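> Questions regarding the structure given below will be posed in turn.
The values are calculated or read from the model by the stated rules, or taken from the named source; none is laboratory data. All of these numbers come straight from a predicted model, not from anything done at the bench. As a convention, Cβ positions derive from the backbone with ideal geometry for all residues, glycine included, and neighbour counts pool all protein chains shown.
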Amino acid sequence: MSGIRMLVGTKKGAFILTSDGNRKQWTVNGPLFAGWELYHLKGSPADPNRLYASQTSSWFGQVVQRSDDGGKTWTPPGTKPEDLMSPDGMPKGESNMFLYDTSAETGKPLTTHQHYDGSQRPWEFKRVWHLEPSLTDPDTVYAGAEDAALFKSTDGGKTWKELAGLRSAKGQLWQPGAGGMCLHTIVLDKVHPDRIFVAISAAGTFRSDDGGKTWKPTNKGLVSKYELPDPDAEVGHCVHCITMHPSRPNVLYMQKHWDVMRSDDAGESWREISGNLPSDFGFPIAVHAHEPNTVYVVPIKSDSEHYPPEGKLRVYRSRTGGDEWEALTKGLPQQDCYVNILRDAMAVDQLDPCGIYFGTTGGQVYASSNAGDSWTAIVRDLPPVLSIEVQTLP
Amino acid sequence: MIRVVLPAHLRTLARVNGEVTLEVKGKVTQRAVLDALEARYPMLRGTIRDHVTLKRRAFVRFFGCEQDLSHESPDTPLPDAVAMGIEPFLIVGAMAGG
């Protein structure tokens, strides 16, 4: 029977939740890396036992962890005992070294971005928000960083190189949002292997069609009238999350700061699909594993009140690719609920019926094994949940 | 041998219990001790001081012989008692925040 492995990143460590394919009984393992912030963990689609984790701390900075056995054991890449006894000498300890490319050879990337006060500031690495393993190679993985940049490793996370062309896409105009200037979403396209989408707060979405060498902003149709009076502004939009169904790679869904949006042309243009949502502010957005037109969001009251409208935790589902939304409430608290659901904290499995999962800043992890019709809390008292990824195991 | 005490999170990362002992050749300075520490435990690189600038991370402090050495030059000799292994060199996470 197939099984589910859920990788949960929290403010105080990581947890691995497992179940068989019935998704009724769950085992909670953790905390791993106790006391550290685990921004994101994700498994390789090419090798489900290969997991990557972004472990960060205000005190001790960034650490990248890797597991080659499905999360049973972890090491920073390059520091296993056999690496330490390598005939090549001691490893250099570079698995957490994210250096912005300032070389002239690779596109003369910009070295400053806009700060809150309008001045230009140099890029300064803070942490990795998101790790996206290659669809085909377990040793290739992308990292989305704050300050916003995209890094790539082709040696299982031992070393990283910036794909600096991204910052050439009007990077001097990017500026941090309230959560920092972070590259938080990376979407790979199995139909177009050289295509990569990323999303940055508060810069917008960007697309590369050449494996990350060159990039262009893909924000036409986004409206941020108070923050960006220029209706044609190419960058500066606060995109919270984008997603795609792998069978339909030209269709993207977006949860923006305000507005839920859709593109039918690989980001060339966007249109609003907020429809009848009670609020179109929110963070995560997910698409059903088997129905490319079925989309999920969790409305949040506003940018100044980060909790569900009316204290009712409701996932909204559209079966029409947007515009028409239904509230999914069965099993979710419908009074006095004031948690938030962060951008990387919702995911789906590949079973039928599709399972959908999300974690809250109150430490609950909710699961639905029937595409959202009903929900149960797998665990209620974890630290604030930063991210959730789900692996469907054979 | 130089004795080094790591904060709990870094002991976990380096997979060590208790104090670390290091052989440091030449003058015993912060820089020499940290170089030896990172050479022996490469997973600690970047967690105590910046990879490139080698500056101490903002919320990490250094102590020895009940003195705060955090603002000393990295090339200043450490107290004799630390250099002789009588007292440990303490690497501490700043005690603020959660």
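> Consider segment A:84-101. How many of its residues are more than 8 Å from chain B (Cβ to nearest Cβ) and at pLDDT below 75?
The total comes to 5.
> If you go through segment A:344-372, how many residues are out of contact with any Gly (no Cβ under 9 Å at 6 or more places or on another chain) and charged (D, E, K, R)?
Total satisfying the criteria: 1.
> Could you identify the single residue in A:Thr56, A:Thr112, A:Thr79, A:Thr154 that is surrounded by fewer than 17 Cβ atoms within 10 Å (Cβ to Cβ) and either among the aromatic types (Phe, Trp, Tyr) or out of contact with any Ser or Thr (no Cβ under 6 Å at 6 or more places or on another chain) (or both)?
A:Thr112
> Identify, from the list B:Leu44, B:Leu6, the residue that is within 14 Å of another protein chain (Cβ to nearest Cβ), closer than 23 Å to B:Met84 by Cα and either surrounded by 21 or more Cβ atoms within 10 Å (Cβ to Cβ) or at pLDDT 95 or above (or both).
B:Leu6
> Let me ask something else. Taking the stated definitions as given, is B:Leu13 facing chain A (nearest Cβ under 10 Å) and either within 24 Å of A:Pro77 (Cα to Cα) or at pLDDT 95 or above (or both)?
Yes: the conditions hold for B:Leu13.
> Return a yes/no flag: does segment A:127-134 have any residue that is in contact with an Asp or Glu (Cβ under 7 Å, 6 or more places away or on another chain), under 18 Å from B:His51 (Cβ atoms) and in contact (Cβ under 8 Å) with a residue 40 or more places away in the chain.
Yes, segment A:127-134 has at least one match.
> Right, B:Pro42: of a type outside the set (Gly, Ala, Ser), touching a Gly at 6+ places or on another chain (Cβ under 6 Å) and within 30 Å of A:Thr159 (Cα to Cα) or not?
Judged against the criteria, B:Pro42 is a match.
> Sort out which residues of segment A:102-138 are at pLDDT 90 or above and within 14 Å of chain B (Cβ to nearest Cβ), and write them in order of number.
Within segment A:102-138, A:Pro122, A:Trp123, A:Glu124, A:Phe125, A:Lys126, A:Arg127, A:Val128 meet the criteria.
> Ok, one more. Taking B:Thr53 as the residue in question, decide whether it is free of Cβ contacts under 8 Å to residues at least 40 places away in the same chain, within 14 Å of chain A (Cβ to nearest Cβ), assigned to a loop (DSSP other than H, G, I, E, B) and surrounded by 19 or more Cβ atoms within 10 Å (Cβ to Cβ).
For B:Thr53, the condition - free of Cβ contacts under 8 Å to residues at least 40 places away in the same chain, within 14 Å of chain A (Cβ to nearest Cβ), assigned to a loop (DSSP other than H, G, I, E, B) and surrounded by 19 or more Cβ atoms within 10 Å (Cβ to Cβ) - is not met.
> Scanning segment A:227-243 for residues that are buried (at least 20 other Cβ atoms within 10 Å of the Cβ) and of a type outside the set (Val, Ile, Thr), which turns out farthest from the chain's Cα centre (by Cα)?
The extreme case among them is A:Gly236.
> For the list (1) surrounded by fewer than 18 Cβ atoms within 10 Å (Cβ to Cβ); (2) closer than 25 Å to A:Pro299 by Cβ; (3) modelled with pLDDT under 95, I need the number of the one condition that A:Arg248 fails.
(3)
> So, in segment A:299-312, of the ones that are under 21 Å from A:Ser368 (Cβ atoms) and within 21 Å of the chain's Cα centre (by Cα), which residue ends up surrounded by the most Cβ atoms within 10 Å (Cβ to Cβ)?
A:Pro308
> Any idea which of (1) out of contact with any Phe, Trp or Tyr (no Cβ under 9 Å at 6 or more places or on another chain); (2) crowded, with 19+ Cβ neighbours inside 10 Å; (3) at pLDDT below 95 is the one B:Gly93 doesn't satisfy?
So B:Gly93 meets the others, but not (1).
> So, of the residues in segment A:26-65 that are in contact with a strand residue (DSSP E or B) (Cβ under 6 Å, 6 or more places away or on another chain) and assigned to a loop (DSSP other than H, G, I, E, B), which turns out to be nearest to the other protein chains (Cβ to nearest Cβ)?
Step one: of segment A:26-65, the residues in contact with a strand residue (DSSP E or B) (Cβ under 6 Å, 6 or more places away or on another chain) are A:26-34, A:36-44, A:48, A:51-56, A:59, A:62-63, A:65.
Then keep just the ones that are assigned to a loop (DSSP other than H, G, I, E, B); that gives A:26, A:33-34, A:36, A:44, A:48, A:59.
Numbers: A:Trp26: 26, A:Phe33: 8, A:Ala34: 8, A:Trp36: 7, A:Ser44: 22, A:Pro48: 25, A:Trp59: 4 Å.
Here the residue is A:Trp59.
> Here's something else I'd like to know. So which residues in segment A:113-142 are more than 19 Å from A:Ala199 (Cα to Cα) and either in contact with a Gly (Cβ under 7 Å, 6 or more places away or on another chain) or of a type outside the set (Gly, Ala, Ser) (or both)?
A:Tyr116, A:Asp117, A:Gln120, A:Arg121, A:Pro122, A:Thr136, A:Asp137, A:Pro138, A:Asp139, A:Thr140
> Exactly one of these conditions fails for A:Asp155: (1) over 20 Å from A:Ala202 (Cα atoms); (2) under 18 Å from the mean Cα position of the chain (by Cα). Give me its number.
(2)
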